[in-house]
1. Conditions: (1) surrounded by fewer than 12 Cβ atoms within 10 Å (Cβ to Cβ); (2) modelled with pLDDT of 90 or more; (3) among the hydroxyl-bearing types (Ser, Thr, Tyr). SER58 meets all but one. Number of the miss?
2. Among the numbered criteria (1) within 29 Å of THR110 (Cβ to Cβ); (2) surrounded by fewer than 10 Cβ atoms within 10 Å (Cβ to Cβ); (3) modelled with pLDDT of 75 or more, which one does ASP40 miss?
3. Go through the residues of the stretch 57-72 one by one and say whether even a single one is assigned to a helix (DSSP H, G or I), out of contact with any helix residue (DSSP H, G or I) (no Cβ under 6 Å at 6 or more places or on another chain) and among the β-branched types (Val, Ile, Thr).
4. Can you name every residue in the stretch 75-113 that is among the small types (Gly, Ala, Ser) and either closer than 17 Å to GLY64 by Cβ or touching a Phe, Trp or Tyr at 6+ places or on another chain (Cβ under 7 Å) (or both)?
5. Collect the residues in the stretch 86-110 that are in contact with a helix residue (DSSP H, G or I) (Cβ under 9 Å, 6 or more places away or on another chain) and either outside the structural domain of PRO52 (by TED's automatic domain parsing) or surrounded by 13 or more Cβ atoms within 10 Å (Cβ to Cβ) (or both), keeping them in residue-number order.
6. Find the residue count for the stretch 81-113, including only residues that are more than 20 Å from ALA53 (Cβ to Cβ), in a loop (DSSP other than H, G, I, E, B) and more than 20 Å from the chain's Cα centre (by Cα).
7. What about SER113, is it loosely packed, with under 11 Cβ neighbours inside 10 Å and among the small types (Gly, Ala, Ser)?
8. Do you know which residues across the stretch 54-74 are over 17 Å from TYR41 (Cα atoms), out of contact with any Phe, Trp or Tyr (no Cβ under 9 Å at 6 or more places or on another chain) and not hydrophobic (A, V, I, L, M, F, W, C)?
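The values are calculated or read from the model by the stated rules, or taken from the named source; none is laboratory data. As the structure is a computational prediction, the values presented were derived from the model and not from experiment. Note that each Cβ is placed from the backbone with ideal geometry, even for glycine, and that neighbours are counted across all protein chains shown.
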Amino acid sequence: MIKTMEKLTKRILAIALVAVIGTGIGVGAWYFLLAPGAGDYVWTAADAPGAPAGTPASQIIKIGCAGDTGEIQGDANYEGAWFAAKTINEAGGVNVSGTTYYFGVVKEDTDESNPN
């Protein structure tokens with residue numbers, strides 16, 4: 001009788017654990033992938049150095065720089081891309097089939113050199 005109770009208790013705990021893990025994964029996936037506004041970044045002419053004010057987001061070629069922006073290599077990564085985008089944009093951008101496009105640059109700090 002006691003062995004049967006232990007088996008039943010273990011089975012119930014296993015089912016509860018699977019339910020909790022499944023719920024956590026589902027909520028996490030919803031939050032990061034499907035939540036309203038998740039992953040939305042509104043590109044503006046401010047992200048495109050040297051581009052004319054009011055440049056629509058559809059005419060911005062988007063470039064992302066990932067690096068440790070708190071350190072020299074990460075800062076240089078972003079600043080180099082920013083300078084190249086500014087130089088190209090001030091020269092008139094890039095013409096593709098009669099439409100002028102400009103380069104936009106954003107950065108993300110990967111915090112790679114943090115020893116913690």
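1. Unmet condition: (2).
2. (3)
3. The initial filter retains those residues of the stretch 57-72 that are assigned to a helix (DSSP H, G or I), namely 57-59, 72.
Going one step further and asking which of them are out of contact with any helix residue (DSSP H, G or I) (no Cβ under 6 Å at 6 or more places or on another chain), we end up with 57-59, 72.
Now narrow it down to the ones that are among the β-branched types (Val, Ile, Thr): 72.
Yes, the conditions are met somewhere in the stretch 57-72.
4. Within the stretch 75-113, the first condition is being among the small types (Gly, Ala, Ser), and the residues that meet it are 76, 80-81, 84-85, 91-93, 97-98, 104, 113.
Within the stretch 75-113, ALA76, GLY80, ALA81, ALA84, ALA85, GLY93, GLY104 qualify.
5. So the first thing to find is which residues in the stretch 86-110 are in contact with a helix residue (DSSP H, G or I) (Cβ under 9 Å, 6 or more places away or on another chain), and the list is 93-94, 99-107, 109-110.
GLY93, VAL94, THR100, TYR101, TYR102, PHE103, GLY104, VAL105, VAL106, LYS107, ASP109, THR110 - these are the residues of the stretch 86-110 that are in contact with a helix residue (DSSP H, G or I) (Cβ under 9 Å, 6 or more places away or on another chain) and either outside the structural domain of PRO52 (by TED's automatic domain parsing) or surrounded by 13 or more Cβ atoms within 10 Å (Cβ to Cβ) (or both).
6. Selection size over the stretch 81-113: 2.
7. Numbers: loosely packed, with under 11 Cβ neighbours inside 10 Å: no; among the small types (Gly, Ala, Ser): yes.
No.
8. Step one: filter the stretch 54-74 for residues over 17 Å from TYR41 (Cα atoms), giving 67-74.
Pick out the ones that are also out of contact with any Phe, Trp or Tyr (no Cβ under 9 Å at 6 or more places or on another chain) and you get 68, 70-74.
Matches in the stretch 54-74: ASP68, GLY70, GLU71, GLN73, GLY74.
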